[in-house]
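Chemist: If you scroll down you'll find the structure; I have some questions about it.
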Amino acid sequence: MCGIFAYTGKKGKNASGVLLKGLLSLEYRGYDSAGIYLPERGSVKTPGAVAELRKKIPKDFKGKSGIAHLRWATHGEPTEKNAHPHADCEGEVWVVHNGIIENFRELKEKLGQRGHKFKSDSDTEVIAHLVEEHLTTGIGFEKAALAALNDIRGTYGIALQYKKEPDRIIAARMGSPIVLGLGAGEHFIASDPSPILPHTRKVVFLEDGEVAVITPEKHRIFKLDATDVKRKATKIDWSAEEAQKGGYEHFMLKEIMEGPEVIENTLRGRLIPAKGLAKLGGLEGVTKQLEKIERIIIVACGTAYYAGLVGEYMLEEHAGIPVEVELGSEFRYRKPVVNERTAVLAISQSGETLDTLEAVREGKRRGALTLGIVNAVGSTIARETDAGVYNHAGPEIGVASTKAFISQLTALALLTLFLGRQRGMTAQEGKKIAKELQALPAKLAKLLERKEGIASLARKYSDSRDFLFLGRRYNLPVAFEGALKLKEVSYIHAEGCGAGEMKHGPIAMIDEKFPTMAIATKDSMYEKLISNIHEIKARKGHVIAVATEGDKEIAKLVDDVMYVPETLEMLSPILNVVPLQLFAYYFAKGKGLNVDRPRNLAKSVTVE
Ligand code: F6R
């Protein structure tokens, strides 16, 4: 978690202005506290996010270089004392850090014995003291930083600055993302490219175990053992404006409304409808290996995990491949049976989720082919997997994932078509899926026109404190996702349940104060869902149904209906989840909550 941003320039720009503006685009990574250090002026820190920091910064707080940070607390309370940047005893070595230093307690004790005085509870502070300690041997800042990096264990994206060499900033990466921005007479370090883009599109992604030194004119990359690394810059072509709200009150609503465009972008250039084929350029290099794959293990977390569960139904039913779906956080802690005929497929919006990344690495260690469905181009999972499919959903800023889920399901449908046609899916079936995929953007656009109706439903149920979400088969993961959306943005109790499981326990909760969202579109499980709805009504429970347009019968049975256009059962989650996303959005908005930044959550979970 956490966002870091650092700048060094020759002249002209005001470093604190550059850094504060940059931090704003990193706010999705954490907002517990914010801080900035300029060697020419010192540090300013505060609990809260950038707006709070801005208020505390004096007018003359100007300089040519500096480092800045947004924190998502791991070690130590989100107080000013624990806000980054952290310094050594003399206030000369300063550090911002994203990640966790696992051996900080033992280092802190040793440094304490050597007379170092610590001011915070943060694990990060040991890094500054370690550099200070190595500086006493006279080896200079760069070597002292390298020695300190070799002392620490854990995950980090770091930027370090030394008051006596204000032009120079040192970055390092181990498990947490770091990207360098290469401008003319100015260089940047950040957790992702967004704060760099207004200044330059030329970036270099650091790999784990690499260190970089930037000055206004130069950058140099080397490994922890000091050997040089040569890497070409990448040109980033998405615009910083894409990350703006585009007229909507919240990113979450904007991103839900982008759904039709997101599906189009995920499909672009990847369908050959006349032949019923999918063309996935990112998998071309591994086509032969894919033919030999006997099993797929999908690894993911949260919303991406629920997308994976839908993928399991798609791939098993239509491509005939055995699929398991594993939480990234569990996979590497059991002894998974994996071999070279297994593909481990990671699904991740950010491409930086540590649990998912580690599951990929575990799969690799065990000889699996590793694949990714990833949104963030150049992210760690995208780089470490053997092959993959980019979502092309554009940056997702709202902490609650919405458009990424739509895109993940679309990409999984493409993958099903791609693998299915390799394994005996008929051209006719392929054509049917391809045709319906193409029809989805217009269907979703039509559904989104009804958002005001969903807003009024959210108002109607605004006093409810609990919700049950029911679904079956393809729409069981949609029930899980609907519940997750509601709880993460509204902080109320919601649980997803297989409709067939209801009688094994959850039905005991039902009464007139405990409404149920039933995903009851016209598919192979429709009749069964209707029976479950009867059972709930018999216990005085209120039911809101997600139902297929034209289904007038269901309206007589339930209290409220959210209609969705008809589509193939395998694609129905792509439409059915949207009313649930909108319901969660309006429900939370009605409570006056910070929909885009729910408490205790961060967008990119780069800690275990
Ligand atoms: C929920 C949400 C999280 C993420 C999860 C995985 O709305 O956003 O559950 O889905 O943290 O993140 P990625 O997809 O970046 O790996």
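Chemist: What are the residues in the stretch 504-517 that are modelled with pLDDT of 95 or more and in contact with a helix residue (DSSP H, G or I) (Cβ under 7 Å, 6 or more places away or on another chain), if any?
Modeler: Selection gives THR516, MET517.
Chemist: Considering each residue of the stretch 198-230, count those that are touching a residue at least 24 places away in the same chain (Cβ under 8 Å), more than 20 Å from THR8 (Cα to Cα) and surrounded by 14 or more Cβ atoms within 10 Å (Cβ to Cβ), and give that number.
Modeler: Number satisfying all stated conditions: 4.
Chemist: Follow-up. Can you tell me which residues in the stretch 138-156 are at pLDDT 95 or above, surrounded by 15 or more Cβ atoms within 10 Å (Cβ to Cβ) and either more than 24 Å from TYR7 (Cα to Cα) or in contact with a Cys (Cβ under 8 Å, 6 or more places away or on another chain) (or both)?
Modeler: Answer for the stretch 138-156, where residues must be at pLDDT 95 or above, surrounded by 15 or more Cβ atoms within 10 Å (Cβ to Cβ) and either more than 24 Å from TYR7 (Cα to Cα) or in contact with a Cys (Cβ under 8 Å, 6 or more places away or on another chain) (or both): ASP151, ILE152.
Chemist: Which residues, counting only those in the stretch 285-296, are in contact (Cβ under 8 Å) with a residue 24 or more places away in the chain and either under 22 Å from LEU437 (Cα atoms) or not β-branched (Val, Ile, Thr) (or both)?
Modeler: If the condition is that a residue be in contact (Cβ under 8 Å) with a residue 24 or more places away in the chain and either under 22 Å from LEU437 (Cα atoms) or not β-branched (Val, Ile, Thr) (or both), then GLY285, GLN289, LEU290, GLU291, LYS292, GLU294, ARG295 are the ones that fit.
Chemist: Consider ALA359 carefully, then state whether it is within 12 Å of the ligand (Cβ to nearest atom) and in a helix (DSSP H, G or I). Spell out how you get there, then give the answer.
Modeler: Numbers: within 12 Å of the ligand (Cβ to nearest atom): yes; in a helix (DSSP H, G or I): yes.
Judged against the criteria, ALA359 is a match.
Chemist: Based on what the data block shows, is ASP192 in the same structural domain as THR136 (by TED's automatic domain parsing), modelled with pLDDT under 95, in a loop (DSSP other than H, G, I, E, B) and closer than 18 Å to HIS69 by Cβ?
Modeler: When the stated conditions are applied, ASP192 passes them.
Chemist: With respect to the numbered conditions (1) surrounded by fewer than 22 Cβ atoms within 10 Å (Cβ to Cβ); (2) in contact (Cβ under 8 Å) with a residue 40 or more places away in the chain; (3) closer than 23 Å to GLU317 by Cβ, which one is the sole condition not fulfilled by GLU527?
Modeler: It fails just one condition, (2).
Chemist: Another question about this same structure. With (1) farther than 20 Å from GLY259 by Cα; (2) assigned to a helix (DSSP H, G or I) as the list, and LYS443 as the residue in question, which single condition is left unmet?
Modeler: Going through (1) farther than 20 Å from GLY259 by Cα; (2) assigned to a helix (DSSP H, G or I) one by one, LYS443 breaks only (1).
Chemist: Report, by residue number, each residue of the stretch 501-514 that is buried (at least 17 other Cβ atoms within 10 Å of the Cβ) and either out of contact with any strand residue (DSSP E or B) (no Cβ under 6 Å at 6 or more places or on another chain) or outside the structural domain of VAL543 (by TED's automatic domain parsing) (or both). Spell out the reasoning first.
Modeler: Filtering the stretch 501-514 down to residues buried (at least 17 other Cβ atoms within 10 Å of the Cβ) leaves 502, 506-507, 509-510, 514.
Across the stretch 501-514, the qualifying residues are MET502, ILE507, MET509, ILE510.
Chemist: Quick check, is LEU582 closer than 21 Å to ALA494 by Cα and either surrounded by fewer than 23 Cβ atoms within 10 Å (Cβ to Cβ) or modelled with pLDDT of 95 or more (or both)?
Modeler: For LEU582, the condition - closer than 21 Å to ALA494 by Cα and either surrounded by fewer than 23 Cβ atoms within 10 Å (Cβ to Cβ) or modelled with pLDDT of 95 or more (or both) - is met.
Chemist: Given the criterion in contact with a Leu (Cβ under 9 Å, 6 or more places away or on another chain) and buried (at least 24 other Cβ atoms within 10 Å of the Cβ), identify the matching residue among LEU448, LEU476. If you could, list the steps in order and put the result at the bottom.
Modeler: Working: LEU448 fails: buried (at least 24 other Cβ atoms within 10 Å of the Cβ).
Result of the check over LEU448, LEU476: LEU476.
Chemist: Additional query: Looking for something in a helix (DSSP H, G or I) and at pLDDT below 95 - is there at least one such residue anywhere in the stretch 415-432? Can you show your working first?
Modeler: Taking the stretch 415-432 first, the residues in a helix (DSSP H, G or I) are 415-422, 427-432.
Keeping just the survivors that are at pLDDT below 95 gives 422.
Looking for residues that are in a helix (DSSP H, G or I) and at pLDDT below 95, one finds at least one in the stretch 415-432, hence yes.
Chemist: Looking for something surrounded by 24 or more Cβ atoms within 10 Å (Cβ to Cβ) and under 23 Å from the mean Cα position of the chain (by Cα) - is there at least one such residue anywhere in the stretch 279-296?
Modeler: The first filter runs over the stretch 279-296 and keeps only residues surrounded by 24 or more Cβ atoms within 10 Å (Cβ to Cβ), leaving 296.
Of the ones still in play, those that are also under 23 Å from the mean Cα position of the chain (by Cα) are 296.
Within the stretch 279-296, one or more residues are surrounded by 24 or more Cβ atoms within 10 Å (Cβ to Cβ) and under 23 Å from the mean Cα position of the chain (by Cα).
Chemist: Would you confirm, using the coordinates I've provided, whether GLU90 is surrounded by fewer than 23 Cβ atoms within 10 Å (Cβ to Cβ), of a type in the set (D, E, K, R), under 19 Å from LEU224 (Cα atoms) and in contact with a Lys or Arg (Cβ under 9 Å, 6 or more places away or on another chain)? Walk me through how you get there before you give the answer.
Modeler: Numbers: surrounded by fewer than 23 Cβ atoms within 10 Å (Cβ to Cβ): yes; of a type in the set (D, E, K, R): yes; under 19 Å from LEU224 (Cα atoms): no; in contact with a Lys or Arg (Cβ under 9 Å, 6 or more places away or on another chain): yes.
So GLU90 does not fit the description; no.
Chemist: Tell me which of these HIS84 doesn't satisfy, since it passes every other one: (1) within 27 Å of LEU601 (Cβ to Cβ); (2) of a type outside the set (Val, Ile, Thr); (3) without any contact (Cβ under 8 Å) to a residue 60 or more places away in the chain.
Modeler: For HIS84, the exception is condition (3).
Chemist: Inside the stretch 418-433, can you point out the residues that are over 16 Å from ALA343 (Cβ atoms) and surrounded by 24 or more Cβ atoms within 10 Å (Cβ to Cβ)?
Modeler: In the first step, residues of the stretch 418-433 are kept if they are over 16 Å from ALA343 (Cβ atoms); the result is 421, 424-433.
Across the stretch 418-433, the qualifying residue is only ILE433.
Chemist: Another question, if that's okay. Could you check how many residues of the stretch 373-411 are within 11 Å of the ligand (Cβ to nearest atom) and aromatic (Phe, Trp, Tyr)?
Modeler: Final tally of qualifying residues: 1.
Chemist: What residue, among those in the stretch 486-503 that are modelled with pLDDT of 95 or more and under 20 Å from LEU529 (Cβ atoms), is nearest to the ligand (Cβ to nearest atom)?
Modeler: If we filter the stretch 486-503 for residues that are modelled with pLDDT of 95 or more, which is where we start, we get 486-498.
Still in the running and under 20 Å from LEU529 (Cβ atoms): 486, 494-498.
Values: LEU486: 11, ALA494: 13, GLU495: 15, GLY496: 13, CYS497: 19, GLY498: 20 Å.
Once the filter is applied, the top-ranked residue is LEU486.
The values are calculated or read from the model by the stated rules, or taken from the named source; none is laboratory data. What you see is a predicted model, and the numbers here were worked out from it, not measured in a lab. Every residue, glycine among them, receives a Cβ derived from its backbone with ideal geometry; neighbour counts consider all protein chains shown.
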